[in-house]
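Structure, as C-alpha coordinates:
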Amino acid sequence: MKKKLIAGNWKMNGGLAANEALLTALRDGLGQPACDVAVAVPAPYLAQVQALAAGTSIAVAAQDVSQHESGAFTGEVSATMLREFGVRYALVGHSERRQYHGETDDVVAAKAQRALAAGVAPIVCVGETLAEREAGETETVVKRQLAAVIHLNGHCISEIVVAYEPVWAIGTGRTATPEQAQLVHAVLRAQLAAASEKADRIPLLYGGSMNAANAAQLLAQPDIDGGLVGGASLKAADFLQIIAAAA
Ligand code: PEP
(Lines give C-alpha, C1' and ligand atoms only; values in the text may rest on other atoms or scores of the structure.)
Protein backbone atom coordinates (compact mmCIF):
# COMPACT_ATOMS: atom_id res chain seq x y z
CA MET A 1 0.00 0.00 0.00
CA LYS A 2 1.35 3.44 -0.83
CA LYS A 3 2.22 5.77 1.99
CA LYS A 4 -0.19 8.59 2.67
CA LEU A 5 1.00 12.20 2.67
CA ILE A 6 -0.05 14.71 5.29
CA ALA A 7 0.96 18.25 4.34
CA GLY A 8 0.40 21.25 6.57
CA ASN A 9 -0.28 24.64 5.02
CA TRP A 10 0.68 27.34 7.50
CA LYS A 11 -0.57 30.08 5.17
CA MET A 12 0.62 33.54 6.29
CA ASN A 13 1.13 32.51 9.90
CA GLY A 14 4.16 31.95 12.07
CA GLY A 15 7.21 33.75 13.35
CA LEU A 16 10.71 32.69 14.30
CA ALA A 17 9.83 31.73 17.88
CA ALA A 18 6.46 30.15 17.03
CA ASN A 19 7.97 28.12 14.19
CA GLU A 20 10.71 26.80 16.41
CA ALA A 21 8.20 25.78 19.09
CA LEU A 22 5.94 24.08 16.52
CA LEU A 23 8.74 22.22 14.74
CA THR A 24 10.28 21.13 18.03
CA ALA A 25 6.93 19.74 19.22
CA LEU A 26 6.39 17.98 15.90
CA ARG A 27 9.88 16.54 15.91
CA ASP A 28 9.47 15.28 19.46
CA GLY A 29 6.05 13.79 18.84
CA LEU A 30 6.60 12.32 15.41
CA GLY A 31 8.77 9.26 15.96
CA GLN A 32 8.76 7.19 12.78
CA PRO A 33 5.52 8.23 11.08
CA ALA A 34 3.80 5.68 8.87
CA CYS A 35 3.01 8.43 6.36
CA ASP A 36 4.97 11.16 4.59
CA VAL A 37 4.80 14.54 6.30
CA ALA A 38 5.40 18.03 4.94
CA VAL A 39 4.89 21.61 6.07
CA ALA A 40 4.30 24.46 3.61
CA VAL A 41 5.73 27.55 5.21
CA PRO A 42 5.95 31.25 4.30
CA ALA A 43 8.99 31.86 2.06
CA PRO A 44 11.07 33.86 4.58
CA TYR A 45 11.03 30.90 6.96
CA LEU A 46 12.16 28.24 4.49
CA ALA A 47 15.77 28.25 5.69
CA GLN A 48 14.76 28.22 9.34
CA VAL A 49 12.32 25.36 8.88
CA GLN A 50 14.73 23.44 6.69
CA ALA A 51 17.30 23.61 9.52
CA LEU A 52 14.75 22.64 12.17
CA ALA A 53 13.44 19.74 10.08
CA ALA A 54 16.89 18.40 9.16
CA GLY A 55 17.29 14.79 10.20
CA THR A 56 13.54 14.33 10.69
CA SER A 57 10.97 12.90 8.32
CA ILE A 58 9.36 16.33 7.86
CA ALA A 59 9.72 17.62 4.30
CA VAL A 60 9.70 21.33 3.58
CA ALA A 61 7.17 22.76 1.15
CA ALA A 62 6.59 26.21 -0.33
CA GLN A 63 3.15 27.78 -0.61
CA ASP A 64 3.65 29.07 -4.13
CA VAL A 65 6.26 29.20 -6.89
CA SER A 66 6.84 31.56 -9.78
CA GLN A 67 5.81 30.56 -13.27
CA HIS A 68 9.02 32.23 -14.50
CA GLU A 69 12.57 30.93 -14.44
CA SER A 70 14.31 34.16 -13.38
CA GLY A 71 14.48 37.87 -14.17
CA ALA A 72 12.42 41.01 -13.66
CA PHE A 73 9.60 39.55 -11.59
CA THR A 74 9.77 41.54 -8.37
CA GLY A 75 8.53 39.67 -5.35
CA GLU A 76 8.52 36.26 -6.97
CA VAL A 77 10.45 33.17 -5.89
CA SER A 78 11.64 30.69 -8.50
CA ALA A 79 11.47 26.93 -8.32
CA THR A 80 15.26 26.75 -8.59
CA MET A 81 15.58 29.00 -5.53
CA LEU A 82 13.17 26.79 -3.63
CA ARG A 83 15.14 23.72 -4.58
CA GLU A 84 18.31 25.34 -3.20
CA PHE A 85 16.59 25.45 0.18
CA GLY A 86 15.78 21.75 0.04
CA VAL A 87 12.12 22.34 -0.77
CA ARG A 88 10.46 19.06 -1.79
CA TYR A 89 6.94 20.29 -2.63
CA ALA A 90 5.27 23.54 -3.68
CA LEU A 91 1.57 24.27 -3.50
CA VAL A 92 0.28 25.57 -6.82
CA GLY A 93 -3.17 26.90 -7.54
CA HIS A 94 -4.33 27.08 -3.94
CA SER A 95 -7.81 28.58 -4.01
CA GLU A 96 -6.56 31.65 -2.12
CA ARG A 97 -4.06 32.26 -4.94
CA ARG A 98 -6.75 31.71 -7.56
CA GLN A 99 -9.17 34.00 -5.71
CA TYR A 100 -6.96 36.85 -4.48
CA HIS A 101 -4.23 36.80 -7.12
CA GLY A 102 -6.26 35.93 -10.18
CA GLU A 103 -4.34 32.76 -10.96
CA THR A 104 -5.84 31.03 -13.97
CA ASP A 105 -5.57 27.38 -14.93
CA ASP A 106 -2.83 28.33 -17.42
CA VAL A 107 -0.80 30.11 -14.75
CA VAL A 108 -1.20 27.14 -12.42
CA ALA A 109 0.00 24.81 -15.18
CA ALA A 110 3.03 27.03 -15.87
CA LYS A 111 3.90 27.00 -12.17
CA ALA A 112 3.56 23.22 -11.99
CA GLN A 113 5.82 22.92 -15.03
CA ARG A 114 8.52 25.15 -13.47
CA ALA A 115 8.37 23.25 -10.21
CA LEU A 116 8.78 19.88 -11.93
CA ALA A 117 11.66 21.17 -14.04
CA ALA A 118 13.50 22.16 -10.85
CA GLY A 119 12.81 18.89 -9.07
CA VAL A 120 10.10 20.25 -6.78
CA ALA A 121 6.85 18.26 -6.71
CA PRO A 122 3.86 20.54 -7.29
CA ILE A 123 0.84 19.97 -5.08
CA VAL A 124 -1.82 21.10 -7.53
CA CYS A 125 -4.94 22.33 -5.75
CA VAL A 126 -8.34 22.01 -7.38
CA GLY A 127 -11.81 22.59 -5.99
CA GLU A 128 -15.18 24.14 -6.59
CA THR A 129 -16.80 27.13 -4.89
CA LEU A 130 -20.09 26.77 -3.04
CA ALA A 131 -21.94 28.42 -5.92
CA GLU A 132 -20.39 25.96 -8.37
CA ARG A 133 -21.33 23.00 -6.16
CA GLU A 134 -24.88 24.25 -5.80
CA ALA A 135 -25.10 24.68 -9.56
CA GLY A 136 -24.08 21.04 -10.01
CA GLU A 137 -20.75 22.03 -11.57
CA THR A 138 -18.31 20.36 -9.18
CA GLU A 139 -17.16 17.68 -11.59
CA THR A 140 -16.80 20.05 -14.54
CA VAL A 141 -14.77 22.53 -12.51
CA VAL A 142 -12.31 20.09 -10.95
CA LYS A 143 -11.85 18.23 -14.24
CA ARG A 144 -11.10 21.49 -16.05
CA GLN A 145 -8.59 22.50 -13.37
CA LEU A 146 -6.88 19.10 -13.44
CA ALA A 147 -6.88 18.94 -17.25
CA ALA A 148 -4.69 22.06 -17.31
CA VAL A 149 -1.82 20.22 -15.60
CA ILE A 150 -2.27 16.77 -17.07
CA HIS A 151 -0.18 17.29 -20.18
CA LEU A 152 2.85 19.21 -19.04
CA ASN A 153 5.62 19.16 -21.61
CA GLY A 154 8.28 16.61 -20.98
CA HIS A 155 7.12 15.66 -17.52
CA CYS A 156 5.45 12.60 -16.26
CA ILE A 157 2.12 13.36 -14.67
CA SER A 158 2.94 10.80 -11.99
CA GLU A 159 5.39 13.30 -10.46
CA ILE A 160 2.63 15.61 -9.26
CA VAL A 161 0.46 15.57 -6.18
CA VAL A 162 -3.18 16.62 -6.46
CA ALA A 163 -5.17 18.17 -3.63
CA TYR A 164 -8.95 18.34 -3.83
CA GLU A 165 -9.93 21.35 -1.75
CA PRO A 166 -13.57 22.38 -2.00
CA VAL A 167 -13.36 26.15 -1.56
CA TRP A 168 -16.43 26.18 0.69
CA ALA A 169 -14.63 23.88 3.15
CA ILE A 170 -11.36 25.80 3.44
CA GLY A 171 -10.99 27.58 6.76
CA THR A 172 -14.73 27.43 7.33
CA GLY A 173 -14.96 24.50 9.72
CA ARG A 174 -17.33 22.94 7.18
CA THR A 175 -15.77 19.72 5.93
CA ALA A 176 -16.85 17.67 2.94
CA THR A 177 -18.27 14.40 4.18
CA PRO A 178 -16.03 11.42 3.49
CA GLU A 179 -18.56 10.32 0.84
CA GLN A 180 -18.62 13.74 -0.86
CA ALA A 181 -14.82 13.85 -0.91
CA GLN A 182 -14.49 10.27 -2.15
CA LEU A 183 -16.90 10.92 -5.03
CA VAL A 184 -14.75 13.76 -6.32
CA HIS A 185 -11.51 11.86 -5.70
CA ALA A 186 -12.84 8.98 -7.77
CA VAL A 187 -13.55 11.39 -10.63
CA LEU A 188 -10.02 12.80 -10.40
CA ARG A 189 -8.50 9.33 -10.21
CA ALA A 190 -10.38 8.24 -13.34
CA GLN A 191 -9.20 11.35 -15.17
CA LEU A 192 -5.60 10.65 -14.15
CA ALA A 193 -5.95 6.99 -15.11
CA ALA A 194 -7.05 7.99 -18.58
CA ALA A 195 -3.85 10.05 -18.90
CA SER A 196 -1.29 7.82 -17.23
CA GLU A 197 -0.69 4.20 -16.41
CA LYS A 198 0.84 5.45 -13.18
CA ALA A 199 -2.29 7.19 -11.91
CA ASP A 200 -2.42 4.96 -8.87
CA ARG A 201 0.88 6.39 -7.72
CA ILE A 202 -0.30 9.99 -7.75
CA PRO A 203 -1.23 11.07 -4.23
CA LEU A 204 -4.72 12.57 -4.11
CA LEU A 205 -5.02 14.68 -0.96
CA TYR A 206 -8.19 16.05 0.58
CA GLY A 207 -8.10 19.55 2.08
CA GLY A 208 -10.79 21.62 3.75
CA SER A 209 -11.18 21.84 7.54
CA MET A 210 -9.51 18.48 8.10
CA ASN A 211 -8.92 18.10 11.81
CA ALA A 212 -8.06 15.57 14.49
CA ALA A 213 -11.70 14.50 14.80
CA ASN A 214 -12.56 13.95 11.13
CA ALA A 215 -9.21 12.90 9.63
CA ALA A 216 -9.50 9.14 10.17
CA GLN A 217 -12.83 8.85 8.35
CA LEU A 218 -11.67 10.97 5.43
CA LEU A 219 -8.37 9.13 5.16
CA ALA A 220 -10.16 5.77 5.16
CA GLN A 221 -11.72 6.48 1.78
CA PRO A 222 -10.20 4.42 -1.03
CA ASP A 223 -9.10 7.36 -3.18
CA ILE A 224 -8.00 9.71 -0.40
CA ASP A 225 -4.24 9.35 -0.12
CA GLY A 226 -3.60 12.04 2.43
CA GLY A 227 -4.52 15.51 3.58
CA LEU A 228 -3.67 19.14 3.00
CA VAL A 229 -4.25 20.69 6.39
CA GLY A 230 -4.50 24.42 7.06
CA GLY A 231 -5.62 25.60 10.49
CA ALA A 232 -5.04 22.31 12.29
CA SER A 233 -1.42 22.18 11.10
CA LEU A 234 -0.59 25.16 13.32
CA LYS A 235 -1.25 23.15 16.48
CA ALA A 236 1.30 20.41 17.03
CA ALA A 237 -1.05 18.13 18.96
CA ASP A 238 -3.76 18.32 16.30
CA PHE A 239 -1.36 17.89 13.41
CA LEU A 240 0.26 14.89 15.13
CA GLN A 241 -3.17 13.30 15.60
CA ILE A 242 -3.93 13.73 11.91
CA ILE A 243 -0.58 12.16 11.05
CA ALA A 244 -1.38 9.26 13.36
CA ALA A 245 -4.74 8.83 11.63
CA ALA A 246 -2.91 8.38 8.32
CA ALA A 247 -1.11 5.24 9.47
C1 PEP B 1 -5.81 24.95 3.19
O2 PEP B 1 -5.46 26.08 3.42
O3 PEP B 1 -5.32 24.34 2.23
C4 PEP B 1 -6.80 24.32 4.07
C5 PEP B 1 -7.26 23.15 3.76
O6 PEP B 1 -7.17 25.04 5.17
P7 PEP B 1 -8.10 24.52 6.38
O8 PEP B 1 -7.59 23.16 6.77
O9 PEP B 1 -7.89 25.54 7.47
O10 PEP B 1 -9.49 24.46 5.89
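The values are calculated or read from the model by the stated rules, or taken from the named source; none is laboratory data. Quantities reported herein were computed from a predicted structural model and do not represent experimental measurements. Don't worry about glycine lacking a Cβ; one is built from the backbone with ideal geometry, like all the others, and counts go over all protein chains shown. Only protein heavy atoms, including side chains, enter the accessible area calculation; ligands, DNA and RNA are left aside. Shrake-Rupley method; radii C 1.70, N 1.55, O 1.52, S 1.80 Å.
Screening the candidates S95, S78 for the property of being touching an Asp or Glu at 6+ places or on another chain (Cβ under 8 Å) and under 21 Å from L228 (Cβ atoms) yields one hit, S95.
Among all residues of the range 50-61, there is at least one that is closer than 18 Å to A118 by Cα, open to solvent by 20 Å² or more (accessible area, probe 1.4 Å) and modelled with pLDDT of 95 or more. The criterion of at least 2 residues that are at pLDDT below 95 is met, among helices (runs of 4 or more DSSP H) falling completely within the range 169-247, by 178-195. Inspection of the range 173-194 finds no residue satisfying the criterion of being crowded, with 19+ Cβ neighbours inside 10 Å and in contact with a Cys (Cβ under 9 Å, 6 or more places away or on another chain). In the list G226, G208, G230, which residue meets the criterion of being open to solvent by less than 30 Å² (accessible area, probe 1.4 Å), within 14 Å of the ligand (Cβ to nearest atom), out of contact with any helix residue (DSSP H, G or I) (no Cβ under 6 Å at 6 or more places or on another chain) and within 25 Å of A147 (Cβ to Cβ)? Just one listed residue meets the conditions, G226.
Kindly indicate whether A220 is out of contact with any Asp or Glu (no Cβ under 9 Å at 6 or more places or on another chain) and open to solvent by 60 Å² or more (accessible area, probe 1.4 Å).
Yes.
Out of the residues in the range 233-244 meeting the condition of being within 15 Å of the ligand (Cβ to nearest atom) and surrounded by 20 or more Cβ atoms within 10 Å (Cβ to Cβ), tell me which one is nearest to T177 (Cα to Cα). Filtering first and then ranking leaves I242. Can we say A190 is free of Cβ contacts under 8 Å to residues at least 12 places away in the same chain and more than 26 Å from Q99 (Cα to Cα)? In short, yes. Filtering the range 25-49 to residues that are open to solvent by 50 Å² or more (accessible area, probe 1.4 Å) and outside any helix (DSSP H, G or I) leaves G31, Q32, A34, D36.
All conditions but one from (1) open to solvent by 10 Å² or more (accessible area, probe 1.4 Å); (2) within 15 Å of the ligand (Cβ to nearest atom); (3) in contact with a Ser or Thr (Cβ under 7 Å, 6 or more places away or on another chain) apply to S158; the one that does not is (2). The residues in the range 9-24 that are open to solvent by less than 60 Å² (accessible area, probe 1.4 Å), outside any loop (DSSP other than H, G, I, E, B) and touching a Phe, Trp or Tyr at 6+ places or on another chain (Cβ under 9 Å) can be counted, and the count is 2.
The number of residues in the range 96-127 being touching a Phe, Trp or Tyr at 6+ places or on another chain (Cβ under 7 Å), within 19 Å of Y206 (Cα to Cα) and among the β-branched types (V, I, T) comes to 2.
I need a count of the residues in the range 51-69 that are outside any loop (DSSP other than H, G, I, E, B) and either within 18 Å of the chain's Cα centre (by Cα) or within 11 Å of R27 (Cβ to Cβ) (or both).
Result for the range 51-69: 7.
If you check L218 against the conditions, is it away from the ligand (no atom under 12 Å from the Cβ), under 16 Å from G127 (Cβ atoms) and either of a type outside the set (A, V, I, L, M) or touching a helix residue (DSSP H, G or I) at 6+ places or on another chain (Cβ under 6 Å) (or both)? So L218 does not fit the description; no.
Mind listing just one residue for me: the one in the range 70-110 that is within 14 Å of the ligand (Cβ to nearest atom) and open to solvent by 60 Å² or more (accessible area, probe 1.4 Å) and, of those, nearest to the chain's Cα centre (by Cα)? Give the derivation first.
Of all residues in the range 70-110, those within 14 Å of the ligand (Cβ to nearest atom) come to 89-100.
Add one more test, that the residue is open to solvent by 60 Å² or more (accessible area, probe 1.4 Å), and what stays is 97, 99-100.
Numbers: R97: 13, Q99: 17, Y100: 18 Å.
The selected residue is R97.
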